[in-house]
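To start, the structure itself, in structure tokens.
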Amino acid sequence: MSYKVDRDLRRMLRHQDLIESSLSFVSGSEDFIRENDIFPSSQSGEGVMRGLRYPNGTGVVAGITSIGDVDGYDLVDGKKVPQKGQLFYRGISIQDLISQCIAEDRFGFEETVYLLLFGQLPTASQLTEFQYLMAKWSQLPGYFSEDMILRSPNKNIMNKLESCIVALHSHDGEAENMTLENELFKSFRMVARTPTIVAHSYAAKRHYFDGESLYLHRPRTDMSVAQNFLYSLREDTKFDDDEAKLLDLCMILHAEHGGGNNSTFACRVLTSSGTDFYSSIAAAVGALKGFRHGGANVKVVEMMQYLKRAVRDWTDDGQVKDQLVRILRRQLGDGTGLIYGMGHAVYTLSDPRAEILKQFSRHLAEKKGMVKELDLIESVERLAPEVFQNERDTDKPICANVDLYSGFVYKLLGIPADLYTALFASARMPGWCAHRIEECCAEDPRIIRPAYKTVSRRTPYVPLAERC
């Protein structure tokens with residue numbers, strides 16, 4: 001036994017030496033790399049559309065879609081004319097979709113998934129059957145949680161989700177079959193499984209990294225996706241109807257947002273190469289993780305923590321304004337100078353998702369004694385445009401986006417910050433899958449390949465012996 005311990009210790013020390021020598025090699029190269037100008041000296045140039053955007057901020061049109069439509073401005077003579085934001089799924093207004101679910105007091109995420117994947121609203125019998133199939137497929141393959149999640153836990157749930165999605169390829173005998181039928185089957189199966197993967201990945205993270213007890217709850221076939229997520233996440237499996245309905249609402253709002261957003265475009269780019277379903281969906285998850293995309297909801301919560309500590313009187317607009325100015329000047333917050341949750345690439349006057357979440361989160365905020373925090377968030381929404389315009393000397397309109405309120409909603413529901421972006425991914429899964437199908441099964445598929453302008457100088461090759 002002592003020999004094994006000594007052997008493992010020597011192996012660990014050798015590994016540590018390797019790490020230290022590698023880091024030393026890399027850090028010693030930093031100055032050399034920058035002195036030799038590995039980075040382009042100019043980030044712009046004639047004909048270069050950085051971020052695939054035109055100078056007026058509109059996106060370069062790379063394709064067409066019939067899945068989602070994000071409407072935030074009109075173009076008049078090449079200039080943006082701000083207007084109230086609208087969001088459509090398959091041509092149906094998101095407000096109408098949600099209003100009907102609320103009027104009938106029912107869950108709507110499964111109906112939304114059906115609409116996005118199959119292109120039309122289901123009949124009552126189709127919806128009932130689809131809900132049953134979704135619930136059944138929420139179960140993971142045999143020993144998947146043990147082998148893929150518990151044996152290799154990860155502190156970051158998004159990275160764990162990404163690796164699990166790729167691993168599901170091994171459990172699909174038709175993984176490389178890209179017919180429409182198979183892509184649809186993979187899609188709603190992936191939508192059903194994602195919340196379970198997220199819940200189990202978080203349970204493993206809590207146990208192995210936070211020292212908490214391990215519990216894994218299997219999803220129930222008599223529950224909706226939103227209900228099952230709360231059931232699987234909570235140790236006592238308890239939740240009330242208001243909580244489940246608000247989570248369902250949040251998932252509907254996050255289900256789709258057009259083909260131009262970063263993660264959906266990533267999915268379509270990989271799909272266009274002819275790769276498999278799991279690879280393209282994993283790429284979308286990786287893109288969503290970034291703080292400039294889906295990770296922004298976590299940044300909003302962090303920013304609000306700074307504000308709550310810095311503002312003594314949350315009802316004093318002057319104090320709130322002063323601290324927002326400090327954020328823009330990089331004197332408060334994470335130092336980026338960004339007011340997270342404010343501004344959007346398309347929406348100008350309003351983001352319909354933010355408006356809906358603000359409206360329907362107040363009831364639960366009152367129930368849980370969190371109204372003052374919601375009021376502070378609304379103050380940020382109200383005051384930030386003026387602060388931004390004064391500090392940046394611009395008349396560009398800026399509105400709250402969905403991230404300003406989604407993090408607060410998750411907090412209301414007792415969902416840990418580690419899960420915010422992963423829950424976003426669970427909700428966005430049907431949108432990604434729908435775009436995957438549209439790209440994969442098109443009549444005239446074509447690989448997406450933008451061009452980059454090369455600015456490197458021509459230089460002769462120097463033989464190894466002559467280099468110094």
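Any read-out appearing in this document is the output of simple, stated calculations on the displayed coordinates, not a laboratory observation. None of these values were measured; they are calculated from a predicted model. Here the Cβ is made from the backbone with ideal geometry for all residues, glycine too, and neighbour counts use every protein chain on show.
Note on Thr454, Thr179: ascending count of other Cβ atoms within 10 Å places them as Thr454, Thr179, the fewest first.
Over segment 218-283, with a single point scatterer placed on each C-alpha, what log10 of the ratio I(q)/I(0) does the Debye formula yield at q = 0.16, 0.22, 0.24, 0.25 1/Å? Per q value, in the given order, log10 I(q)/I(0) is -0.71, -0.86, -0.91, -0.94. Note on segment 296-412: Rg/Rh from C-alpha atoms, Kirkwood Rh, equals 0.94.
Per-residue ellipticity at 222 nm computed for the chain from its helices equals -18000 deg cm²/dmol, with DSSP H segments shorter than 4 residues left out and the rest contributing -39,500 (n - 2.57). Between the C-alpha center of segment 424-459 and that of segment 216-241 there is a gap of 35 Å. The order of Ser152, Ser272, going from fewest to most other C-beta atoms within 10 Å of their C-beta, is Ser152, Ser272. Spatially, segment 296-340 and segment 345-415 are offset by 13 Å when compared through their Cα centroids.
When the Cα centres of segment 153-208 and segment 65-143 are compared, how far apart do they sit, in Å? That distance is 22 Å. Its alpha carbons considered, the chain gives a radius of gyration followed by a Dmax of 24.4, 79 Å.
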